[in-house]
Every structure is written in structure tokens, then in C-alpha cells.
Amino acid sequence: MTRATVPAPPQPTAVRRATRRIQVGAVAVGGDAPISVQSMTTTVTADIDATLQQIAELTAAGCDIVRVAVPSQDDADALPTIARRSPIPVIADIHFQPRYVFAAIDAGCAAVRVNPGNIKRFDDKVKEIAHTAGQAGIPIRIGVNAGSLDPRILAKHGGRATPEALVESALWECSLFEEHGYTDLKISVKHHDPPTVIRAYRLLAVGCDYPLHLGVTEAGPAPQGTIKSAVAFAVLLNDGIGDTIRVSLTGPPVEEVKAGNQILASLGLRPRQLEIVSCPGCGRLQADLYRLTAQVQAAFDGFPHPLRIAVMGCVVNGPGEAREADLGVSCGNGKGQIFAHGTIITTVPEHRIVDTLLEEAMRLAEHTEPEHTEPERGSRRGGVPDTDTLTPGR
């Protein structure tokens, strides 16, 4: 019996930046904790059932921490139920009204995100926020965005959201909390331009030891948004900078989580999941490779075992070139040669390729010999949910 093994991910090339460690519910961020993946719901937070259903879907996709928007009192009123029933820690995203910060803390949210640049009367509320959050043991993310810098700092930098302006704003806002003895902070300095993001986070990394939340804001739809985020994250994470990430996409938030996990796995920062390897195609193709690859991708969606499946369009890009794959197919002339670890095991008609791959994958998975275990992450739960917590949708 051919056995599939789960290879350890490649070793990261950089040493992680030393940071303070904070606790977002049951998920540690910073220090030596694994890099976590975040997303944000797109539902109206006041619609509790819809929001919890989306959180369940995000959890099933591998999300570690979720953020919900709190623009109204109705949204704030929904937070206690959402925080209690969510299977992962919930962060309340607060803009404009400081009273919602206190509502989120009282509701049992795992953390609060604030952008001081657009919170009315923020300076006057820092002492009270610091005291309340400190008493509750709730961390705060200082989330600076290019589009909502503090007007005073923006003016100082010529009205431009430069990397220096982003970092100065973040550190100044942190200092307001530090004056009151509160340091349970993490920071983000987001911009839509990856080079600006890279420069800002590099400056921030030498200016403080707080954990950093990486993000490219307003990145756009996929693939543009995914590519922009991957470019910035790869550079920074390779520098050892970054403790939690969000891939901000215009689209379903589950796609953000999938992209975030794939970025980390590609950099050796998370164990790999199922991976589909396929050739780009050329004039040698004797099958509809693009359709077949899409069918294989759909068939293996949600497959729980971290196998590497190869879909090759001809004998050139066949078993030899995909030798490191656990399982694969080389197709042409209406047939598919199914191979495992470079050895052909059977040949089937084209219409049987997908089913045969699934059958062989299940057979291999039953004999998988893991060579490593996933790093300890702790429970991702923000608390024990009620028995009526919604289950992940498919």
C-alpha cells in the first residue's frame, strides 16, 4: 500500500520579531503565538442570526478571530448574544461614537478595535476607556487607516498619508493609553498601496514592541486584492514582522480566510492543507485541462486531509514532473493516467478521472503518516457557545 505522508512546512527564513503577547479571548496574539487569521462579517450586526451564521462559515474556513461592525445602538445591543454564541473570539469595530466601546466591553467582546482619528471627543475619553478595558482584561487594537488619519498629524505631513504619518499617528495614539498605564494594545497601519504598507510596518516594528495586525486596506476584489495583500504580507512576514493578518477583499469574507491561510501555508507559517498542483497548459494539451482542474477543485473542496493533488495536461507534465504529489492525473486522448508519488497505478476514461482521484485520495488518507503536528494554538473559542449555536453552513 502506498502511504501518503504530510511533510513539515518549509522553515521560515526570518526570526519572528519579539513582541508583547496579548490575549484576544482564547487566541494569543504576539510573543511566540502562531500567526492568526482574521476576517470581518459583512452582515448587519443587529441581525444576530445572519451574523452568527456567517461567523460559523468563517470558523469552518479556518478563521481564528472575527470582527463585527458596530455603527448603531441596535448593533451594540446585539453584541452580548453574538459574543456569547460565537465559536471564535469577537472583536467590536468602533468608529465615531466612544460609547460603543464601553458597550462592547460590557457585552463580553474579546477585544475592541478603535480608530482614534475618527472618534469624536476621543482624547477626552482615553482615560475612561483605558480604565474600563483594563479592569475587564480586554485588549484594544489601534487601527490607523490612510483614509482616516488624525487631522492634526495629516496636516503635519502635508496632507498625505505617508508611512511616517501612519506610524506617528499610531504611536501617538498608543501613548495616550500608556499615560494611564494601559498597554494591552496591538496596532495596524493600513494603506491601499503595498509599498507604503511595507514601509509603514517596518518603521512601526522598530518603534515599538506591540503585536502588529497586518492588512492592506481597500485592496479590492480578487485576484487584485489577494495579490496586493500577498505581496505586502510576504515581504513583512519574511522580515519576521506580523502577528495576525486580514486579507481585505471586496467579496465573501470566507474568501479572505482561505487566502490568509494559503498565504501563511505558502510561507511555511502554517501546516499546509489540501493543495492542488496543475500545469498552466500549452499546445500539447489533449484534454480540457481548465475544466478538469475546476472539477477537481470543486470535488476536493473541504477535503480534510492535507494531500497534494496534481492535475497535468500531458505526458511531459505528468508523473515525473509531479513526483512530489501524493496523487495526480496525466490526461490526454480521452484517458487519464492516475499516479501516486510518481508511479502510475491505473488508467481510466476521462469521465472517471475525478471520481477515481477521490477514491484514491480517501484510500491514501486512511494510511497517512503525519510527520509533524500543528503548533499549539489553544482553543479558538471565545467561550462555550449555547446549545443553539448555529452550525457551519456549506
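The values are calculated or read from the model by the stated rules, or taken from the named source; none is laboratory data. Please read all numbers here as calculations on a predicted model, not as lab measurements. Heads up, the Cβs are rebuilt from the backbone with ideal geometry, glycines too, and the neighbour counts pull from every protein chain shown. The protein model used for the area step is the full one, side chains on, heavy atoms only, and it has no ligands, DNA or RNA in it. Shrake-Rupley method; radii C 1.70, N 1.55, O 1.52, S 1.80 Å.
Can you run the Rg to Rh ratio on region 54-136? Use alpha carbon positions and the Kirkwood inverse-distance Rh. Walk me through the intermediate numbers first.
Details: Rg = 12.9 Å, Rh = 13.1 Å.
Result for region 54-136 is an Rg/Rh of 0.99.
Surface listing: 276, 344, 65 arranged by accessible area from highest to lowest gives 344, 276, 65, probe 1.4 Å. Rolling a 1.4 angstrom probe over the protein heavy atoms, how many square angstrom per residue are accessible across region 21-267? It amounts to 35 Å² per residue over region 21-267.
Heavy atoms only, probe 1.4 angstrom, no DNA, RNA or ligands counted: give me 258, 190 ranked by accessible area, highest first. List each step's numbers first, then the result.
On the way: 258 90, 190 10 Å².
Sorted by accessible area, descending: 258, 190.
Ligands, DNA and RNA aside, residue 218 has an accessible area near 130 Å² when probed at 1.4 Å. Taking the helices alone, the chain has a mean residue ellipticity at 222 nm of -11500 deg cm²/dmol, built from -39,500 (n - 2.57) per DSSP H run of at least 4 residues and averaged over all its residues. Backbone amide hydrogens, once placed in the peptide plane, bring residue 183 within less than 5 Å of nothing, excluding anything fewer than 5 places away on its chain. In straight-distance terms, cross-link reach from residue 190 covers every one of the lysines whose alpha-carbon lies under 17 Å from its own, apart from those fewer than eight places away in the same chain; here that gives 228. Under a point spin-label approximation (7 Å from Cα along Cα-to-Cβ), what is the residue 286-residue 363 distance to one decimal in nm? Going by the 7 Å Cα→Cβ label model, 2.4 nm. Using θ = phi - 60° in the Karplus curve 6.51 cos²θ - 1.76 cosθ + 1.60, the 3J(HN,Hα) couplings for region 277-293 round to 9, 9, 7, x, x, 6, x, 7, 4, 10, 8, 7, 4, 5, 5, 5, 4 Hz; x is entered for Gly and Pro.
Solvent-accessible surface of protein heavy atoms, probed at 1.4 angstrom with all chains present, puts 213, 191 in the order 191, 213, largest first. Estimated at 0.36 nm per residue, the fully extended path between residue 124 and residue 351 surpasses their Cα-Cα distance by 74.9 nm. The solvent-accessible area of residue 174, taken with every protein chain present and a 1.4 Å probe, is close to 0 Å². Taking the 1.4 Å solvent-accessible surface of region 21-267 as the whole, the part contributed by carbon and sulfur is 53%. Fully extending the segment from residue 303 to residue 60 would add 86.3 nm, taking 0.36 nm per residue of separation and subtracting the current Cα-Cα distance.
Here the Debye sum runs over all C-alpha atoms of region 21-267 as equal scatterers in vacuum, and log10 of I(q)/I(0) at q = 0.10, 0.18 Å⁻¹ comes out as -0.42, -1.54. Take every DSSP beta bridge whose two residues both sit in the chain; close to 30 percent of them are antiparallel.
Count charges around residue 228 for me, please; just the other residues with Cβ under 11 Å from its Cβ, Lys/Arg as +1, Asp/Glu as -1. Spell out each step's value before the answer.
Numbers: positive: none; negative: 193, 218.
Residues near residue 228 contribute -2 overall.
Partner lysines whose Cα lies under 21 Å from the Cα of residue 125, excluding those fewer than 8 positions away in the same chain, are identified as 186.
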